[in-house]
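A.B. asks: Before anything else, here's the structure in question.
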Amino acid sequence: MTRTRRPGISRRSTLALMGAGAMTFAAPWVARAQAKTIKVGMPTILSGRVAQLGTSSRNAVMLEVEKVNAAGGLAGRQIEMVIRDSKGQPQEAARVARELVNTDGCELLIDAEASSGAFAVHEVARDLGVFCIHTNSETSALTADPKQHIPNAFRTARQGVHDSIVGGSYAAAIAKAKGLKKWATCSPDYAYGRDTTAEFTLYLKRFAPEVEIISESWPKLFQPDYTEVVTKILQAKPQALYSCLWGGDLTSYIDQANIYAMFGQMEVFAVNMADYTALTVVKNLPKGIHSGNRYIKTFPTTPENAAWGDAYKAKFNEYPTNWSWENATAIMLMAEAAKKANSADGKKIAEALKGLTIKCPFGADGTVTMRGDDHTLVGYAIGWGTTIPQEPYVPEIKAGDWKTIFELEAEWKKSKGYA
Amino acid sequence: MDLDALAGCLSSSACLVTQTTSGLIIGMLLFLVAVGLTLIFGVLKVVNFSHGAFYMFGAYFAMTAYQLTGSFALAMLAGAAGTAILGLIFERVFMSRVYGADVLMQLLVCYAFVLIFDDVVRIIWGPEFKSMGMPSAFQVMPLFVAGGVVPPYYLLLIGIALVAAIVLGIGLSRSRIGKVIRAAAHNPGMVSALGINTGLIYGGVFALGGMLAGLAGALAAPVRSLTPGMGFSVLIESFIVTVIGGMGSILGALIGALLLGLIRSFGSLGFPLFTEGLMYLFMVIVLVSKPTGLFGKEAA
């Protein structure tokens, strides 16, 4: 069928014209309203395999922004979030971030990207000079490396090296107590898996020098089957296993290792186990897996943290993730800094944010601090514990000691040439 | 490279048993997917790039049926029957329109459905990963055979796949329907002229291929996490299997899948950083020495 086009103004273009006319007349009101609001741009991952984490970031941000707006907004200006999908691709994250600032008129950025995208958005922040908080990238170098440092960028995510220090010392104490000398590792074969495993074993061996790594496995990211990895580890007969597999990969691995009764044969340390995304999905969660805390509403064991977890669940009908608390903290810090600066201007907020300590449900002692010299979050709750198959999943978590973390972090920075 | 570990394993019966069964499990699941692929190609002469989606649907159907009924047998049945029906509809409504069309056209239709099926799963079951969980009947201690570890669930899995292989092999070579199917593969025009409904045969073969992939997905559901797009990596390995075994050959798919499984299980000991590479290397060697695959027929 061919479409015929009659001359003159069609119904469609009439409608379009009318719409445009209405917009022109309405524009002054919209503009006046906008002068009061402040747009905050947020690139994150809303599609693909880690979409669940991106969605949980958005949820947490919306939860906190609602509170800030109800309390009068950012130095009197209501926050309007502009959230865009980067599909988890670094070049797309950078493009979206640039567009949010240049086209959409966002004055502040919340960068809720994984590490790959965060470094790309960081360059955009460097170029445009826009205020930016990285909320999800845990790669230490993002803030530890002085070459990355810019005055307008901060991080409210946990940091890889902090996790490794706490995990290494926790595992070493158990290794010593139970005489676990022979260790195996099994982690996904990409930058995060390699780096995190290397840092963990570095500190494990430092605190327990008699430990020996007798077997390493590097399955592909998103590999469907781990049977050959499971049997290889069984052959090596280690006394303990470390893994930083995460999400669906971790749950597949547990299901497949379970039927080989692997968890009865060795102590398992899986840093990413204690996150609700994994805990609630695994049907036959073995007892006694050691894990770092990601987000769990029972650690820190405070009414504030439990209330926050419950409020999130009530609103979104699922538990928050590791990315949720990291994003919520960003909004809390931003609001407090704006209050202190009495301005919603990015530069003034950045100045006020340096070294700022706020009350926070995710703090180890009820507070978290944005460290002034490297712009990264410290003092957040960090610890390890063992799993049970039902709520609260990780009943007792041994908290990491921030004094030790600071000492070893300083030493690590020196060894890397960062300080 | 860790040849000592490999040699050590080959000389120990415990390790041999464990690694061989682990290779068989990987191989048998792969066989179920690959045999459907090779069957559809053999009869319909189309390369079904959307085959991985049937594996995915099989797993999701099984999970849903298991959650609703709590019965493992019904879950397997739902996985297999659901994908058979889906395969029949898919073939009759869409694929039957592109037979004889440009390969590129067939590829486009299949690829479009890879994306559509992934999104359908996302809409129905959500984007996050799921786990079906192991039925309690199989939550038992693994068996120890000559010191090696063999999980009972995997014995069942190997058994079901073996039965499927035998039934398929005998059915196609001995039964009347099998003969008609083979005839339709050779000369559809003549078969049609003899008064046999080739459309029905094509639909049936597609349904059978989809059902086998769905069964593989259902069997894998208790041990693998379920996500939209989970069929993709399985599809790639299935292609390697069919290329090694020879496109269109059922025996080839079986041998190819088992070889690939064993390469993975023993390769991970001897060449931990090159296990994936070994599979492709093996494929290259087969292709260079016998371009039609191990059991492929030379083009006339």
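A.B. asks: Would you say residue A:309 is modelled with pLDDT of 95 or more and part of a loop (DSSP other than H, G, I, E, B)?
C.D. replies: In short, no.
A.B. asks: Can I ask one more? Has region B:153-165 got any residue that is closer than 24 Å to residue B:210 by Cα, more than 9 Å from every other protein chain (Cβ to nearest Cβ) and not aliphatic (A, V, I, L, M)?
C.D. replies: Yes, region B:153-165 contains a residue that is closer than 24 Å to residue B:210 by Cα, more than 9 Å from every other protein chain (Cβ to nearest Cβ) and not aliphatic (A, V, I, L, M).
A.B. asks: Quick one: in region A:105-133, which of the residues that are part of a loop (DSSP other than H, G, I, E, B) and closer than 22 Å to residue A:325 by Cβ is modelled with the highest pLDDT? It would help to see each step written out before you state the result.
C.D. replies: Step one: of region A:105-133, the residues part of a loop (DSSP other than H, G, I, E, B) are A:105-107, A:113-114, A:129-130.
Filter again for closer than 22 Å to residue A:325 by Cβ, leaving A:113-114.
On the way: A:113: 94, A:114: 90.
Selected residue: A:113.
A.B. asks: Checking the structure you have, find out if any residue of region A:199-220 is farther than 30 Å from residue B:52 by Cα, assigned to a strand (DSSP E or B), out of contact with any helix residue (DSSP H, G or I) (no Cβ under 7 Å at 6 or more places or on another chain) and more than 10 Å from chain B (Cβ to nearest Cβ).
C.D. replies: Yes - at least one qualifying residue is present in region A:199-220.
A.B. asks: Return the total of residues in region A:163-177 being surrounded by fewer than 21 Cβ atoms within 10 Å (Cβ to Cβ) and either closer than 11 Å to residue A:382 by Cβ or aromatic (Phe, Trp, Tyr) (or both). Even if it seems obvious, please write down each step before you answer.
C.D. replies: Step one: list which residues in region A:163-177 are surrounded by fewer than 21 Cβ atoms within 10 Å (Cβ to Cβ), which gives A:172-174, A:176-177.
Within this subset, residues satisfying the condition of being either closer than 11 Å to residue A:382 by Cβ or aromatic (Phe, Trp, Tyr) (or both) are none.
Of the residues in region A:163-177, 0 are surrounded by fewer than 21 Cβ atoms within 10 Å (Cβ to Cβ) and either closer than 11 Å to residue A:382 by Cβ or aromatic (Phe, Trp, Tyr) (or both).
To keep it simple, each residue is scored yes or no on (1) of a type outside the set (Gly, Ala, Ser); (2) within 21 Å of residue A:142 (Cβ to Cβ); (3) in contact with a Phe, Trp or Tyr (Cβ under 6 Å, 6 or more places away or on another chain).
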| position | (1), (2), (3) |
| --- | --- |
| A:80 | yes, no, no |
| A:98 | yes, yes, no |
| A:101 | yes, yes, no |
| A:118 | no, yes, no |
| A:123 | yes, yes, no |
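A.B. asks: Restricting to region A:134-153, give me the number of residues that are farther than 28 Å from residue A:270 by Cα and not in a loop (DSSP other than H, G, I, E, B).
C.D. replies: 4
A.B. asks: Mind telling me which of the residues B:68, B:37, B:107, B:88 ends up being free of Cβ contacts under 8 Å to residues at least 40 places away in the same chain, among the aliphatic types (A, V, I, L, M) and more than 14 Å from chain A (Cβ to nearest Cβ)? Full working, then the answer.
C.D. replies: On the way: B:37 fails: free of Cβ contacts under 8 Å to residues at least 40 places away in the same chain; B:107 fails: free of Cβ contacts under 8 Å to residues at least 40 places away in the same chain; B:88 fails: free of Cβ contacts under 8 Å to residues at least 40 places away in the same chain.
Just a single option satisfies the conditions, and that option is B:68.
A.B. asks: Next up: Considering B:222, B:228, which residue is farther than 22 Å from residue A:257 by Cα, in a loop (DSSP other than H, G, I, E, B) and within 14 Å of chain A (Cβ to nearest Cβ)? Break it down into steps so the answer makes sense when it comes.
C.D. replies: Numbers: B:222 fails: farther than 22 Å from residue A:257 by Cα.
Going through B:222, B:228 in turn, the sole match is B:228.
A.B. asks: Considering each residue of region B:125-183, count those that are in a loop (DSSP other than H, G, I, E, B), over 30 Å from residue A:321 (Cβ atoms) and polar (S, T, N, Q), and give that number.
C.D. replies: Of the residues in that region, 1 qualify.
A.B. asks: For region B:259-273, give me each residue that is within 11 Å of chain A (Cβ to nearest Cβ) and not in a helix (DSSP H, G or I).
C.D. replies: Of everything in region B:259-273, those that are within 11 Å of chain A (Cβ to nearest Cβ) and not in a helix (DSSP H, G or I) turn out to be B:272, B:273.
A.B. asks: Residues of region A:239-267 being hydrophobic (A, V, I, L, M, F, W, C), buried (at least 23 other Cβ atoms within 10 Å of the Cβ) and more than 14 Å from chain B (Cβ to nearest Cβ), which ones?
C.D. replies: A:241, A:244
The values are calculated or read from the model by the stated rules, or taken from the named source; none is laboratory data. Just so we're clear, the structure is a prediction, and the values are computed from it rather than from any experiment. Glycine also receives a Cβ, built like all others from the backbone with ideal geometry; neighbour counts cover every protein chain displayed.
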